[in-house]
Structures are given as C-alpha cells and as structure tokens.
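J.: For reference, the structure I am asking about is given below.
The values are calculated or read from the model by the stated rules, or taken from the named source; none is laboratory data. None of the values given here were measured: they were computed from a predicted structure. Note: ideal-geometry Cβ built from the backbone for every residue, glycine included; neighbour counts use all protein chains shown.
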Amino acid sequence: MPFTLVLHIQNSDPVVGEVDELPSPSDTMILVKNPRKIDGKDLPFLDENAVSVYWPIDRLNFIEVLSDGEEEEIIGFVRE
C-alpha cells in the first residue's frame with residue numbers, strides 16, 4: 001500500500017509524493033514517486049520527465065504521512 005508523504009525540505013518548499021514503504025531509522029535516502037508541489041504543480045528544479053527522486057534524509061526537517069482522503073484537503077494560503 002503506497003503512502004502519501006509531505007517532505008519538509010530544509011530551505012525549500014514542501015514536496016508531496018508517494019512511497020511504497022515508510023523510511024526506517026537506519027535509512028539515509030528516501031525514494032519518492034510522483035514528486036510535486038503541495039498545489040500539484042511540477043517542481044521547477046526537477047526535469048519534467050522525472051517520475052522518482054531520491055532525497056537524502058539529512059536534508060529533511062520532518063515528514064508528514066497523510067491519510068487517504070487528507071491529500072485532497074491540503075489548501076495553500078487563500079484570501080477571502
């Protein structure tokens with residue numbers, strides 16, 4: 001069962017993506033499939049054809065694990 005994660009990368013905007021399994025404490029890298037911004041747009045620092053990316057764990061501040069329906073609930077700053 002794939003997990004949807006929000007990666008909070010040091011000095012960068014958060015990245016959303018899927019992983020097949022959660023990283024273990026001994027992992028040094030995390031493989032993220034379908035990486036994108038929280039709003040679903042492409043990441044400007046990745047090639048448009050990239051489908052998977054390895055991120056070093058030491059570059060992450062923290063990782064959020066989303067439940068199945070929670071990804072649709074992510075909303076950026078909205079002015080009303």
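J.: Only residues that are among the small types (Gly, Ala, Ser) and under 10 Å from the mean Cα position of the chain (by Cα): list them for the stretch 1-15, please. Spell out how you get there, then give the answer.
T.: Going residue by residue through the stretch 1-15, those that are among the small types (Gly, Ala, Ser) are 12.
Scanning the stretch 1-15 gives no hits.
J.: Just to verify a result, which residue in the stretch 28-52, among those that are at pLDDT 95 or above and farther than 14 Å from Pro2 by Cβ, is surrounded by the most Cβ atoms within 10 Å (Cβ to Cβ)?
T.: So the residue we want is Met29.
J.: If you don't mind, there's one more thing I want to ask. Please specify each residue of the stretch 60-71 satisfying the condition of being at pLDDT 90 or above and either surrounded by 14 or more Cβ atoms within 10 Å (Cβ to Cβ) or hydrophobic (A, V, I, L, M, F, W, C) (or both). Explain how you work it out, then say what you get.
T.: We begin by selecting, within the stretch 60-71, every residue at pLDDT 90 or above; these are 60-65.
Matches in the stretch 60-71: Leu60, Phe62, Ile63, Val65.
J.: Cβ-Cβ distance below 7 Å, separation of 6 or more or different chains: which pairs start in the stretch 51-67 with a residue that is polar (S, T, N, Q) and end on one that is surrounded by 11 or more Cβ atoms within 10 Å (Cβ to Cβ)?
T.: Ser52/Leu31; Ser52/Val32; Ser52/Lys33; Asn61/His8
J.: If you check Glu21, Glu64, which single one turns out to be in a strand (DSSP E or B), of a type in the set (D, E, K, R) and out of contact with any Asp or Glu (no Cβ under 6 Å at 6 or more places or on another chain)?
T.: Details: Glu21 fails: in a strand (DSSP E or B).
It is Glu64.
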